[in-house]
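The values are calculated or read from the model by the stated rules, or taken from the named source; none is laboratory data. Not measured: the values here are computed from a predicted model. Here the Cβ positions follow ideal geometry from the backbone for every residue, glycine too, while neighbour counts run over all protein chains shown.
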Amino acid sequence: MLVHTNTAEDTEGFGARLARARPDRDDALAVVYLTGDLGAGKTTLTRGFLRAQGVEGAIRSPTYTLVEIYESGALTTVHLDLYRLHDSAELDNLGLREWASSGHLWLVEWPERAAERLPGADLILTLSAGEGGHDIEVTARTPLGEAWLARLRSPAPPVEKRRSES
């Protein structure tokens, strides 16, 4: 799937759409890799995703801390930005294993810097900036990713109540 966004607001909107299209699978770990050059819109898309998940307050890029954790109902979102990672072994000190379980969703910027130490991606979003905006290519890698992509392709993914909101 290829999507073009013209503005930062459009990119945030696509992030929100991606969040709303997420299959209601709180019994599984979900992993999204966000790849692309600096300025391609990875953090902007993540901000829209997290807002749609109900996260309030400041949403920062974890460029210096490497990881930010966001709680929203029954789902814990782990936002990783691995741009400043010098060695993938640095991930061992972050305690990520405890978040590699059901009820967690990982949004990973710059996954190529530590792919051998990360859970495999359900979806890979490749972002690229151009003169007229951003292109976002979405690729599914697992059955969960395929289900997610199918929901994303529908004209308006359903807004549904998550179990935690009931």
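Please find, within region 45-72, the residue that is farthest from the chain's Cα centre (by Cα) out of those that are closer than 22 Å to Gly95 by Cα and of a type in the set (Asp, Glu). Step by step, filter region 45-72, then rank; the result is Glu71.
Return the residues of region 1-47 that are basic (Lys, Arg) and either in contact with a His (Cβ under 8 Å, 6 or more places away or on another chain) or under 14 Å from Ser128 (Cα atoms) (or both); say none if nothing qualifies. Lys42, the sole residue that qualifies.
In the condition set (1) modelled with pLDDT under 85; (2) aliphatic (A, V, I, L, M); (3) touching a helix residue (DSSP H, G or I) at 6+ places or on another chain (Cβ under 8 Å); (4) under 26 Å from Ser128 (Cα atoms), Leu50 is compliant with all but (1).
Condition test on Leu80, is it crowded, with 22+ Cβ neighbours inside 10 Å and in contact (Cβ under 8 Å) with a residue 40 or more places away in the chain? It would help to see each step written out before you state the result.
Working: crowded, with 22+ Cβ neighbours inside 10 Å: yes; in contact (Cβ under 8 Å) with a residue 40 or more places away in the chain: no.
No; evaluated as a whole, the condition is false for this residue.
Taking the conditions exactly as written (closer than 20 Å to Ala19 by Cβ, among the hydroxyl-bearing types (Ser, Thr, Tyr) and at pLDDT 90 or above), does Thr76 satisfy them or not? So Thr76 fails the test. For Ile59, the criteria (1) within 19 Å of Ala8 (Cβ to Cβ); (2) touching a Pro at 6+ places or on another chain (Cβ under 9 Å); (3) at pLDDT below 90; (4) not acidic (Asp, Glu) hold in every case but one, which is (2).
Considering only residues of region 12-51 that are of a type in the set (S, T, N, Q) and in a helix (DSSP H, G or I), which is surrounded by the most Cβ atoms within 10 Å (Cβ to Cβ)? Spell out how you get there, then give the answer.
Applying the first criterion (of a type in the set (S, T, N, Q)) to region 12-51 yields 35, 43-44, 46.
Remaining after also requiring in a helix (DSSP H, G or I): 43-44, 46.
Working: Thr43: 20, Thr44: 23, Thr46: 29.
Across region 12-51, the extreme among qualifying residues is Thr46.
Just checking, does region 120-138 include any residue being over 21 Å from Ala40 (Cα atoms), of a type outside the set (Phe, Trp, Tyr) and either exposed (fewer than 12 other Cβ atoms within 10 Å of the Cβ) or at pLDDT 90 or above (or both)?
Checked region 120-138: at least one residue is over 21 Å from Ala40 (Cα atoms), of a type outside the set (Phe, Trp, Tyr) and either exposed (fewer than 12 other Cβ atoms within 10 Å of the Cβ) or at pLDDT 90 or above (or both).
Selection of region 1-11 for residues being closer than 21 Å to Asp122 by Cβ and either in a helix (DSSP H, G or I) or in contact with a helix residue (DSSP H, G or I) (Cβ under 8 Å, 6 or more places away or on another chain) (or both) yields Met1, Val3, Thr11.
Got a sec? Which strands (runs of 3 or more DSSP E) wholly within region 92-144 have at least 2 residues that are over 11 Å from the mean Cα position of the chain (by Cα)? If you could, list the steps in order and put the result at the bottom.
Details: elements: 104-109, 123-130, 133-140.
Of the strands (runs of 3 or more DSSP E) lying wholly inside region 92-144, those with at least 2 residues that are over 11 Å from the mean Cα position of the chain (by Cα) span 123-130, 133-140.
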